[in-house]
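This report concerns only the one structure given below.
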Amino acid sequence: MAYNEKTRLYCKKIKDRSSGKWIPVYGHTKEETRRKARAREAELAAEADLRENPPFWTYARQWYELHKGDYSSKRQQDYKNAINNHICPRLGSKRIRDVTYSDVRLVMADVAESSKSLQQKIVTAMRKIFDAAVKDKIIEESPCAALKPGGQEAPEKEALTRAQQRALLSSVRDCPIYPFVALCLYTGLRREEALGLQWSHVHLDAPAPWLDVRTSCDWNGKNQPELTTLLKSDAAYRSIPLPPPLVEILKDLQKAQKGPCVICRGEGELLSAAAFRRRWSAVTIREEHTLKRTMRGKTVEQQLRVGDPVPYHKGVAVTMDFHTTPHLLRHTYISELILSGVAVKRVQYLAGHSSPIQTLKIYTHLMENKPEDLYGEVLKAFSDQIPD
């Protein structure tokens, strides 16, 4: 311990083990200096401990901020929801080294009654966070390496029949949502891909008309739209042939509007989330539904069936006895490809799926797998081994 005659202070240097630097501590007496040095050493040790073994919520937030740019807006929201609403309530206050397999099992126990889709998102988020901690050498192995999601598979969606497709297109033909419906139904684009499609990526005058999927409309979980080139996955970047009915619709649309966006408003601006919901309401009000109205101070439910006029919408009647969503349009497109005999690898490409396994997992039920359907193919495969 040194004494400075000029300042009349004692000085003791302590070493910060993290940075390797020597830190001076000053006091008027030796005892005061030693006391301050011990306190500072304790602070440095606590700071080092936090860096080497941070609370889970601190590390999870850091992981999210570092990696969110690698994912689409939808995937960002999935991970944010999983971390904030399902993982951190259980693990947030624990130091990351102290999290055990039992702890992550408790996270999953909290969502045991939830869908398999939600459970998969939670498991994926935890794996990514703990895998990053392994790479940062904070922990030696992930406590959720063997963790698997449970939950019920979502019920199989029924694609729109040909009659339902015709009814839908006919019902909204004179509505602003019509080009969007036709585009998704004939190309299988995801909602954000259709809303972000640019005319520069549409080739209507080519011998075989086609479009490129290169951009999407990102609402960032809010309302205002933003054009982005970050799609759901690498497989989402694809080129899709355009059937003749859609070519004619798009040619008429191109003549009638300005701006670079195919589906737009005003002078070619991207649709906000609210603007899209307003347009899509032209579909939902034409479906059979229950309408709640207040009459003489009481809430009255009215069942609207096909043929009934829609209250508050002059000249609009219910025309569809089925329910439609933007994703169902995509599902219908993919189902039509499979039912038409298109090879699975080509369906995978056109759908923008990352793997044919993903395509098969969802659409296997559409393929002819009964013994009587497969008998001819099996017979053909072994024909050279069948004795005369």
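The values are calculated or read from the model by the stated rules, or taken from the named source; none is laboratory data. Given the structure is predicted, the values throughout are model-derived calculations rather than measurements. FYI the Cβ positions are ideal-geometry reconstructions off the backbone, even for glycines, and counts take in every protein chain you see. Ligands, DNA and RNA are excluded from the accessible area calculation, which covers all protein heavy atoms including side chains. Shrake-Rupley method; radii C 1.70, N 1.55, O 1.52, S 1.80 Å.
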- prompt: For the chain, what is the mean residue ellipticity at 222 nm derived from helices alone (per DSSP H run of n ≥ 4: -39500 (n - 2.57); sum divided by total residues; nearest 500 deg cm²/dmol)?
  reply: -13500 deg cm²/dmol
statement: Ratio for the chain, C-alpha Rg to 2.2 N^0.38 Å, reads 1.43
field: Part-to-part distance (alpha-carbon centres) for the range 204-261 and the range 1-26, which is given in Å
entry: 66
message: From zero outward in steps of 5 Å, how is the percent of C-alpha pairs of the range 100-207 spread across the bins?
response: 2, 10, 13, 12, 10, 9, 9, 10, 10, 8, 5, 2, 0
task: Take every Cα-Cα distance within the range 3-55, group them into 5 Å bins from 0 onward, and report for each bin the whole-number percent of pairs it holds.
output: 5, 21, 24, 19, 14, 9, 5, 2, 1
Solvent exposure ordering (accessible area, 1.4 Å, most first) of F180, F382: F382, F180
Accessible area of R97 in the full protein assembly, 1.4 Å probe (Å², nearest 10): 120
statement: Carbon/sulfur accessible area of the chain, % of total, 1.4 Å probe, equals 51
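Which sequence of S19, S335 reflects their accessible areas, 1.4 Å probe, from the largest down?
Highest to lowest solvent-accessible surface, that is S19, S335.
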query: What list of whole percents do you get for P(r) of the range 170-321, with Cα-Cα distances grouped in 10 Å bins up to the one holding the largest distance?
result: 10, 34, 30, 17, 7, 1, 0
field: Net dipole in debye of the range 197-263 [+1 Lys, Arg Cβ; -1 Asp, Glu Cβ; about Cα centre; nearest 20]
entry: 100
Per residue solvent-accessible surface (Å²) - the chain, probe of 1.4 Å: 60
- prompt: If you rank T58, T229 by how much accessible surface each has, with a 1.4 Å probe, what is the order from largest down?
  reply: T229, T58
Percentage relative contact order, the chain, counting C-alpha pairs under 8 Å, at least six apart: 12
